[in-house]
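Values quoted throughout were computed directly from the atomic coordinates according to the rules given, and no laboratory measurement underlies them. Keep in mind it's a predicted model, so treat the numbers as computed, not measured. Cβ sites come from the backbone with ideal geometry, for glycine too, and all protein chains shown count toward neighbours.
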Amino acid sequence: MTVGRAPARTAPTGAPRNLRRPLVHVLLSLGLLIMSAPFLWMALSSFKTTSELSASPPVWIPTEWTLANFRELLDKLDLPLYFMNSVIVAVLVTVSNLVFCSMLGYALAKLRFTGRDKIFGVVLGALMVPGNLMLLPLFVLMSKLKLIDSYAGLVLPFAAGAFGVFLMRQFMQSIPDELLEAARMDGAGEWYIFWRIVMPLVKPALATLSIFTFLGSWNNFVWPLIATNDPDKYTLPVALATFATDPNKAGGSNGMLMAGAFLVVLPVLILFIALQRHFTQGIATAGMK
């Protein structure tokens, strides 16, 4: 008596596989809509009239587009001054991070010296320390250096970050060592190799780091609030928060607050759109070797 072999199961094909991709697209589109809804509401509300802002049920798209909120905000708040303060601080912090984090990342990735692994361990440890724990020591240090109410006091504590060092180190590890050795054999020095060979190859990582750093510096609220007593040195988030809590200025005008919030977000959005391709590539390839 022979025992028959059970018929082999065939993998389902056709309809389930064909439905998977549209389902993923629908779920991702739904998630994008949920995440972008607050931003869309803020952007559209900045162009609404007072009656539409308080309408019930809420009105999403303005029936009458107006710039009155922006004009009133400019009249009551020295917006150009605070905007320029934020630009100066964010640009200086971003440029310093691109330079210093790239240098340290290159040293940790491609140079051999005593204590290299220990330094990288310190960088990893710094990533685990909450930033709020450093506020008091930073304030005491800046106060001792007499840098309170100055651009230097707003920039120097964030001139180089552990995340930037880690990102650049991981990305630079993907550069072939043979390429650098060939340059050294041709007589190139380390500065030449770093600036003329390595830096052009890590543009995606630089774009990623610039977006994260600019975003963090532009939206930073707690440190500028602590480190500035002079209103002329306020950054835009601090100025808007102070303006919003002053009943003699904001006066409960949601339209002006929406317009101010929209102006805070707009530069970061433009930067992200401009560097989106490099940002995506940098995130996808960071850490690969």
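Are any of the pairs Lys118/Lys144; Lys203/Lys233; Lys110/Lys203; Lys48/Lys76 more than 24 Å apart by Cα-Cα distance, and if so, which?
Result: Lys118/Lys144; Lys203/Lys233 exceed 24 Å.
Just rank Arg169, Arg21, fewest to most, by other beta-carbon atoms within 10 angstrom.
Arg21, Arg169
Taking neighbour counts of Cβ atoms within 10 Å as a proxy for exposure, in what order, fewest first, do Lys48, Lys76, Lys203 appear?
Lys203, Lys76, Lys48
From the C-alpha coordinates alone, can you work out the Kirkwood hydrodynamic radius of the chain, in Å?
For the chain, inverting the mean 1/r across all distinct Cα pairs yields 23.1 Å.
Pick out the long, greasy-scoring helices in the chain: whole DSSP H runs spanning 27 Å or more along their own axis by Cα, mean Kyte-Doolittle at least -1.0.
15-45, 79-110, 254-274
Rounded, prolate or oblate: pick one for segment 23-117, where a ≥ b ≥ c are the square roots of the eigenvalues of its C-alpha gyration tensor, a/c under 1.5 means rounded, and failing that, prolate if a/b is larger than b/c, else oblate.
Because a/c hits 1.5 or more and a/b fails to exceed b/c, segment 23-117 counts as oblate.
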